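Shown next, in structure tokens, is the structure this report addresses.
Every read-out reported here was derived from the displayed coordinates using simple, explicitly stated rules and does not represent laboratory data. Since the structure is predicted, the reported quantities are computational estimates derived from the model, not experimental observations. Note: ideal-geometry Cβ built from the backbone for every residue, glycine included; neighbour counts use all protein chains shown.
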Amino acid sequence: MMTGLVIIASWLSEFFSSFGQQFVDRLKPGDIGEEINEAIMQVQMYFQLGDYKLLITDAVIVTWIAVIAVVIVFRCMVGKPTLKLNKRQTLLVSLVELIITTGMSFGMKRKEAETVAPMILTLGIVITACNAISFLKVPPPAKNVAFPIGCAITAIIYVIVMTFKFVGAKGFWLTLTQPISIMLPFKLLDYVVKPLSLALRLFGNVFAAFVFMEFISICIPCILPGVLGLWFDIMDGIIQAIVFAYLTMSYIGENVETVHEYNEHPEDHQKKKKSKKSKKSEAVAA
């Protein structure tokens, strides 16, 4: 009996001694710059497909993990079709209704807002999942600039496609030439600036939060990273996803509202044209 107690005491002594040493080593900061640089660097793998090499980065893998997680969560929320909505279904319906209401506040008709709601919700939820995954010490895809650029290009293409769908080619041309035709080059430039703004905003915020949390984890690895991670990894990630989806929807609403106003009050624009012509004729007569 005594021999067993001695063995247990010896094992516990060695365990706590080793644990204490590792705890102290963990608290000692090493080369902070080098450790952050290693965290920032991408993990790259190549898959051979015949004569071609397919590059796969950690951003691609993490994105697919986040997408699969989102699909599973949504499938659980939807559940089986029922006559009476349960709490999860009610939450999902409320979220969709919020998006539709927001779209209508941007100048869309309800049917138009219902059409864009699935894509807007998808953008918001997927980007949220990709950002919040950093709380699990997994590098977020947005730290790779290719991810926010890809999201921004997808968003602006969707804006153009939906504008064509809702108001047609003539309506799209009106969005480029209203309120005056001289705005055309600036409106075209807008389709370059908008995706650039979306990409830089998403990349800058997520990258800065990731580097900051890595710095905190290296310098103060106990307790504080977990507390700060609730904001910088989760809340900040959710906010950036909401801003991205919100701005994408606002761009569509801005285009659609311009055309709707033109169609509802064409006489205002005709008066402007007539007044311009009269001023020109007066100038010529003078």
**Report entry** Sorted by Cβ density within 10 Å, fewest first, the residues SER105, SER134
**Finding:** SER105, SER134
Report summary line: Simple SL model, points at 7 angstrom along Cα→Cβ for ASN86 and TYR191; separation in nm is 4.6
Report task. Can you tell me the FRET efficiency between ALA208 and SER181 if r is taken as the Cβ-Cβ distance and R0 is 45 Å, rounded to the nearest 0.05? Result -> 0.65
Query - Relative packing of 204-215, 121-132, which averages over residues the other C-beta atoms within 10 Å, highest first - result: 121-132, 204-215
Query raised in the report: Using the alpha-carbon centroid of each, what span in Å lies between the stretch 189-215 and the stretch 48-111?
Result: 22
Report task. Using label points projected 7 Å from each Cα along Cα→Cβ, tell me how many nm separate LEU200 and GLU264, to one decimal. Result -> 3.4
Query raised in the report: If you count, for each residue, the other Cβ atoms within 10 Å and average over each peptide, how do 180-186, 138-144 line up from highest to lowest?
Result: 138-144, 180-186
Requested in this report: Give, in nm to one decimal, the length gained when the segment between LEU247 and ALA169 is fully stretched (0.36 nm per residue of separation minus the Cα-Cα distance).
Outcome: 25.8 nm
Query raised in the report: For the peptides 87-99, 241-253, 60-72, what is the packing order when you average, over each peptide's residues, the other Cβ atoms within 10 Å and list the highest mean first?
Result: 241-253, 60-72, 87-99
Query - Kirkwood hydrodynamic radius (C-alpha pairs) into Stokes-Einstein, the stretch 44-266, 25 °C and 0.890 mPa s, D in µm²/s - result: 126
Report summary line: Karplus ³J(HN,Hα) for the stretch 110-127 (6.51 cos²θ - 1.76 cosθ + 1.60, θ = phi - 60°; Hz, whole; x = Gly/Pro) runs 4, 4, 5, 5, 5, 5, 8, 4, x, 5, 5, 5, 4, 4, x, 5, 5, 5
Report summary line: Relative contact order of the stretch 44-266 (C-alpha contacts under 8 Å, at least 6 apart) in percent is 27
Query raised in the report: Full extension from SER94 to THR57: what is 0.36 nm times the residue separation minus their Cα-Cα distance, to one decimal in nm?
Result: 9.7 nm
